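Some notes on the structure that comes next.
The values are calculated or read from the model by the stated rules, or taken from the named source; none is laboratory data. Since the structure is predicted, the reported quantities are computational estimates derived from the model, not experimental observations. Because the Cβ atoms are built from the backbone with ideal geometry, glycine has one as well, and the counts that use them run over all protein chains shown. Please note that ligands, DNA and RNA were not included when accessible areas were found on the heavy atoms of the full protein model with its side chains. Shrake-Rupley method; radii C 1.70, N 1.55, O 1.52, S 1.80 Å.
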Amino acid sequence: FSPAVPDLLFYRDSYVNDSYLDLEVRPWPALRVVQKLRVRFNWQEGGLSYDGQFQRDRRVDFWTWVNRVEYTWQLGRMRITPQYKFMLLRLLDRDAEIDLLAESRSIPILRLEAQLLGRTSLRAGIQGFAGLPYRVADETARRNSFDQRTAFISLLNRSAYFGYDLVTIVGLGRDQREYNTGFEDARDFDSLTFFVRAIVGFTEFGRVL
């Protein structure tokens, strides 16, 4: 006999339809537009389940949408890529017309990569800047909404080490997050990080990054 395990996916006594749409277009070689959509309709059967728990007869809809746009400039050895990503997530009790979860994310990104030497490159990135932060808006729990800004710069070096491909990354990163509560929140932070990473892979299996 095994104990009952709660179903965290709302699939208890349910008929579920899951649909996906994935679209990528390149109007120009440097411009890339990606659209991803997932829709799940969940018809839950009402009454008592096998473990004695009661649930309402209802339909629960789950929507997720990701929109990403990026443009790449190649200037000699330097590559500059501005990006914008918008993400939407909504879990809706259709019968009660109540949002169980409603969240959106607006993410502006700027990436830079420059090849300094044959094996060494410089990489830098900003996620949220000036008056355009990385913004999370939680409509069901507004105290969890926040603005964030992230920046990093790193040097990446590739070398061969006894038949392995060794990648060493040295960098500096900064993260700032401020919750939209209207007062000083204990969850706010402003951190500065120095990091060193080493990744080892087999050269014959291709690039490790």
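Brief remarks follow.
- Residue count, the range 102-122 (criterion: at pLDDT below 95, assigned to a strand (DSSP E or B) and open to solvent by 60 Å² or more (accessible area, probe 1.4 Å)): 1
- Residue within the range 58-71 that is out of contact with any helix residue (DSSP H, G or I) (no Cβ under 9 Å at 6 or more places or on another chain) and at positive phi present: no
- Tally of residues being out of contact with any Phe, Trp or Tyr (no Cβ under 8 Å at 6 or more places or on another chain), open to solvent by 70 Å² or more (accessible area, probe 1.4 Å) and part of a strand (DSSP E or B) across the range 13-30: 5
- Residue that is among the β-branched types (Val, Ile, Thr) and open to solvent by 60 Å² or more (accessible area, probe 1.4 Å), where the choices are Ile80, Ile98: Ile98
- When residues in the range 154-190 are screened for being within 28 Å of Ala114 (Cα to Cα) and under 20 Å from the mean Cα position of the chain (by Cα), 4 of them pass.
- The range 150-167 residues that are without any contact (Cβ under 8 Å) to a residue 12 or more places away in the chain, paired with ones that are surrounded by 14 or more Cβ atoms within 10 Å (Cβ to Cβ) and of a type in the set (A, V, I, L, M) (beta carbon under 9 Å, 6 or more apart): none
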